[in-house]
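Before any comments, here is the structure.
The values are calculated or read from the model by the stated rules, or taken from the named source; none is laboratory data. Keep in mind that what you see is a predicted model, and the values were worked out from it rather than measured. Cβ placement follows ideal geometry from the backbone for every residue including glycine, while neighbour counts extend to all protein chains displayed. The protein model used for the area step is the full one, side chains on, heavy atoms only, and it has no ligands, DNA or RNA in it. Shrake-Rupley method; radii C 1.70, N 1.55, O 1.52, S 1.80 Å.
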Amino acid sequence: MQKSTRKFIVGIAIGILGIVLFSSKAVMVKLAYRHDVDPISVLLLRMAFSFPFYLVVAFLSRNKGNSDKITGRDYIWVVIFGVIGYYLSSFFDFVGLTYIKASLERIILFIYPTIVLLINKVFLKQTINKVQVGAILLTYIGIIIAFGDEVSISGSDIYLGGFFIVLSAVTYAAYLSGSGWLIPKFGVVKFTSYAMLVSCLCVFLHYLITNQADIFNLPTEVYVLGFLIAIFATVIPSYLVSASIKMINSSNFAVIAGFGPISTIILAAIFLSEKLTLLQLLGALIVISGILVVSMKSNKGTKA
């Protein structure tokens with residue numbers, strides 16, 4: 001086996017593992033909610049356990065990137081995007097999960113590439129080709145099918161949950177659209193670590209202000225789940241995905257990204273006993289197909 005082929009296979013394996021680990025987050029959050037804890041407490045545990053890891057990585061990568069080109073204004077933007085992309089997006093996601101299934105959450109979140117295209121069209125004047133327009137419409141038709149069927153089963157609270165998950169997708173898409181010009185200056189690892197540290201501090205402050213629960217008197221299972229969410233659904237996959245993209249390029253990664261919703265559906269069925277109707281599964285497949293077309297067209301020609 002040639003070295004390049006072996007590298008490609010390893011890159012795909014690492015990417016799939018990272019995607020599956022990321023997808024496990026919603027399932028573990030839902031498991032934590034079974035112990036009557038609020039979203040900010042679970043989010044706080046996630047950030048508290050991951051904070052030391054990102055702090056160490058940020059310190060080790062402090063001299064990487066184009067440090068001579070980084071200005072004080074750039075650091076201000078890192079703070080802004082840390083608030084938008086990781087704090088607000090995560091908070092909206094965790095709140096939304098109190099209302100809807102983990103599998104449905106992942107299907108809705110998966111539309112963020114289409115939102116990136118729309119943001120880039122409106123604010124950066126980037127063009128959207130006809131294939132991408134068709135794929136975007138296809139994706140939203142899939143969401144309507146999957147979401148509409150769930151409303152008929154679970155009631156109107158699903159609208160509120162869906163609203164928060166859409167907000168999560170929008171804020172994350174805004175982060176991706178706006179931070180692209182900063183990443184070359186800082187480097188992926190350094191920028192991600194800095195943004196995550198900002199997010200952690202925002203969550204700590206949020207908890208201190210609201211103080212909704214005693215974080216030191218939660219069930220043991222919640223602390224275990226918080227640790228697992230932090231390490232295995234946040235820190236490790238964030239670096240696995242970065243490594244995979246570097247090895248196989250973003251176009252190929254966009255193809256295997258379709259494992260995200262699929263793995264969440266499978267994990268939710270195993271650990272939460274969640275079941276999607278045939279109509280919801282059809283909607284999920286339509287969403288995945290649309291996003292794959294959008295992602296591949298957006299990343300065409302991108303090099304690792």
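The sole residue among Thr98, Thr171 that is touching a residue at least 40 places away in the same chain (Cβ under 8 Å) and either more than 30 Å from Val79 (Cα to Cα) or not in a helix (DSSP H, G or I) (or both) is Thr98. For Arg34, the stated conditions hold: it is farther than 17 Å from Ser168 by Cβ, modelled with pLDDT of 95 or more and open to solvent by 70 Å² or more (accessible area, probe 1.4 Å). One residue stands out among those in the stretch 94-107 that are buried (at least 24 other Cβ atoms within 10 Å of the Cβ) and of a type in the set (Val, Ile, Thr): the one that is nearest to Ile266 (Cα to Cα), which is Ile107. Among residues of the stretch 150-163 that are touching a residue at least 12 places away in the same chain (Cβ under 8 Å), those with a Cβ under 8 angstrom from a residue that is among the acidic types (Asp, Glu), sequence gap 6+ or separate chain, pair up as Ile158/Glu150; Gly161/Glu105. Of all residues in the stretch 222-256, those satisfying the criterion of being within 23 Å of Asp93 (Cα to Cα), surrounded by fewer than 18 Cβ atoms within 10 Å (Cβ to Cβ) and modelled with pLDDT of 80 or more are Tyr223, Val224, Phe227, Ile231, Phe232, Ile236, Tyr239. Kindly evaluate Ala26 against the criterion of being under 14 Å from Phe186 (Cα atoms) and either open to solvent by less than 50 Å² (accessible area, probe 1.4 Å) or touching a Gly at 6+ places or on another chain (Cβ under 8 Å) (or both). So Ala26 does not fit the description; no. For the stretch 208-221, the tally of residues that are part of a loop (DSSP other than H, G, I, E, B) and either surrounded by 21 or more Cβ atoms within 10 Å (Cβ to Cβ) or β-branched (Val, Ile, Thr) (or both) stands at 1.
Taken over the stretch 120-132, the criterion of being surrounded by 13 or more Cβ atoms within 10 Å (Cβ to Cβ) and within 23 Å of the chain's Cα centre (by Cα) is satisfied by Asn120, Lys121, Gln132.
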